[in-house]
Amino acid sequence: MEFRDNERETAFRAEVSSFLDAEFPPEYSDRPSEWGLFNGAGRAIPGFMEFMRGWTAKLNQRGWGAPAWPKEHGGGGLSVKEQFILSEEFAWRRAPRPGGIGHGWAGPTVMVYGTGEQKAEYLPKIISGEHIWCQLFSEPGAGSDLASLQTRAIRDGDDYVVNGQKIWTSGAQHAHMGILIARTNPDAPKHRGISYFLVDMKTPGITVRPLINMLNSHEFNEVYFEDVRIPAKNLLGEENRGWYLATTTLDFERSGIATSVAHQLIVRDLVKFAKESRVGSHTVATTPHLRNELADRTIEAQVEALICYRIISMQERGEIPNKESSIAKLFSSELDVRLASTAMHLAGLYSQVTDRDDTSAMGGRFPRFYMHSTTSPIGGGTSEIQRNIIAMRGLGLPRG
């Protein structure tokens, strides 16, 4: 691994830093996004939503709205290391970073498998922000074993008629478009009878119902398809070959480098809280077992950074991090849980305060972070699945 930037990368890092100095107001950095508390984050700050519209336009002007996309599709065409530098610099400033299902997964999959017409139709609207996308993969009986999905798509003239249910669909209540996998050949082996569609979420017969989580926030949804007619031109790739497109989409999801910066920022916040909070005549930071917990979390955040650097180095060499991406996902997800537990231990009785306006408990972040962290070992591939991948592809163990 090469930890140092070369001359070009040093210049690019300086460019990003100068851009943030000039364009990102410090008052918008006090948003708890790295705590996973996205719902409503920043919306209560006066002028934030107006700022975001201008911010998105400025990123797109530089190609930073989709830094990995080729320039001919409106992206930045950045190298792997430049993408990492961009993400890292934005994360340290707590600045809103480009991303989302459209930019990260739908768009790249359309680039690989889409027709010229599909690319011209959908890619510009992803870049501009005109279209928000959601991912319609998981079902009540097909989560980790996604290929067991039962949603059906039957060809009828120039359309496919879709019936079934999807679940855990993030942001479906806001989405204009969705990427959908459905079974088009029920008689084929389960991986070989699936097709991949681009779906207008306003199509008649689609019903989006909210799933309210423990934080009383609405991030996930269940989506029902009742005789939904999808034009055949919205089939992506070949019929019955959709599983292979879906794995491409998931590779884009899992190869995205989950920078450790967010966890390092949380550790800093926790240390600051421990130094400033008193228990009797002492600060929380002087309590031995809590000091040890903070030391452990600090070390683990650094280990996470090294895992990320390893993956970056592999990608720069043109290698595909497979088991390594699963290692990163597993470590990061479970560190999320451990950080949340440490936050609760540090807060003591304040760990029960969820009031966003209570400054003594950091605006109720600790218990809300704790509840939110329970989703980390599940979303994007469960910890059990990641361990299976590491065992089989990393250690060569047989399938259990």
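The values are calculated or read from the model by the stated rules, or taken from the named source; none is laboratory data. Note that the structure is a prediction, hence the values are computed from the model and not measured. Positions of Cβ are generated from backbone atoms using ideal geometry, with glycine treated the same way; all protein chains shown enter the neighbour counts.
At-a-glance table
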quantity: Residue match in region 348-371 (condition: over 26 Å from Asn213 (Cα atoms) and either in contact with a Leu (Cβ under 9 Å, 6 or more places away or on another chain) or not charged (D, E, K, R) (or both)); calculated: no
quantity: Residues (under 12 Å from Ala147 (Cα atoms) and not in a strand (DSSP E or B)) located in region 164-187; calculated: Pro186
quantity: Extreme residue, nearest to Ile212 (Cα to Cα), among residues of region 375-394 that are in a loop (DSSP other than H, G, I, E, B) and modelled with pLDDT under 90; calculated: Thr375
quantity: Checking Ala106 against (1) within 20 Å of Phe19 (Cα to Cα); (2) among the aliphatic types (A, V, I, L, M); (3) in contact with a strand residue (DSSP E or B) (Cβ under 9 Å, 6 or more places away or on another chain), the condition it does not meet; calculated: (1)
quantity: Conditions (1) at pLDDT 90 or above; (2) surrounded by 13 or more Cβ atoms within 10 Å (Cβ to Cβ); number of the one not met by Gly42; calculated: (1)
quantity: Pair list, Cβ under 7 Å, 6 or more apart: region 220-237 residue on the phi > 0 side of the Ramachandran plot, other residue aliphatic (A, V, I, L, M) and at pLDDT 95 or above; calculated: Asp227/Val161
quantity: Filtered residue count, region 50-96, keeping only those that are of a type in the set (Val, Ile, Thr) and on the phi > 0 side of the Ramachandran plot; calculated: 0
quantity: Leading residue by the ranking (modelled with the highest pLDDT) among those in region 346-365 that are within 23 Å of His282 (Cβ to Cβ) and not in a helix (DSSP H, G or I); calculated: Val353
quantity: Hits in region 194-206 - residues which are in a loop (DSSP other than H, G, I, E, B) and touching a strand residue (DSSP E or B) at 6+ places or on another chain (Cβ under 6 Å); calculated: Met201, Thr203, Gly205
quantity: Flag for Ala182 being outside the structural domain of Gly63 (by TED's automatic domain parsing), in contact with a helix residue (DSSP H, G or I) (Cβ under 7 Å, 6 or more places away or on another chain) and among the hydrophobic types (A, V, I, L, M, F, W, C); calculated: no
quantity: Candidates Ala147, Ala120 - the one that is closer than 20 Å to Thr184 by Cα and among the small types (Gly, Ala, Ser); calculated: Ala147
quantity: Positions within region 136-163 being modelled with pLDDT of 95 or more and in a strand (DSSP E or B), in sequence order; calculated: Leu136, Glu139, Arg152, Ala153, Ile154, Arg155, Asp156, Asp159, Tyr160, Val161, Val162, Asn163
quantity: Filter result for His191 (in a loop (DSSP other than H, G, I, E, B) and either of a type in the set (Ser, Thr, Tyr) or in contact with a helix residue (DSSP H, G or I) (Cβ under 7 Å, 6 or more places away or on another chain) (or both)); calculated: yes
quantity: Count of region 261-293 residues which are in a helix (DSSP H, G or I), in contact (Cβ under 8 Å) with a residue 40 or more places away in the chain and among the polar types (S, T, N, Q); calculated: 1
quantity: Of residues in region 3-20 being assigned to a helix (DSSP H, G or I) and basic (Lys, Arg), the one surrounded by the most Cβ atoms within 10 Å (Cβ to Cβ); calculated: Arg13
quantity: Residue pairs meeting the criteria (Cβ under 8 Å; at least 6 apart or on separate chains; first touching a residue at least 24 places away in the same chain (Cβ under 8 Å), in region 337-349; second hydrophobic (A, V, I, L, M, F, W, C) and surrounded by fewer than 16 Cβ atoms within 10 Å (Cβ to Cβ)); calculated: Gly348/Val279
quantity: Odd one out for Leu78 among (1) modelled with pLDDT of 90 or more; (2) surrounded by fewer than 16 Cβ atoms within 10 Å (Cβ to Cβ); calculated: (2)
quantity: Sole residue being closer than 26 Å to Thr382 by Cβ and either basic (Lys, Arg) or under 24 Å from the mean Cα position of the chain (by Cα) (or both), chosen from Pro189, Pro140, Pro124; calculated: Pro140
quantity: Residue among Ile311, Ile320 that alone is outside any helix (DSSP H, G or I) and either crowded, with 16+ Cβ neighbours inside 10 Å or among the aliphatic types (A, V, I, L, M) (or both); calculated: Ile320
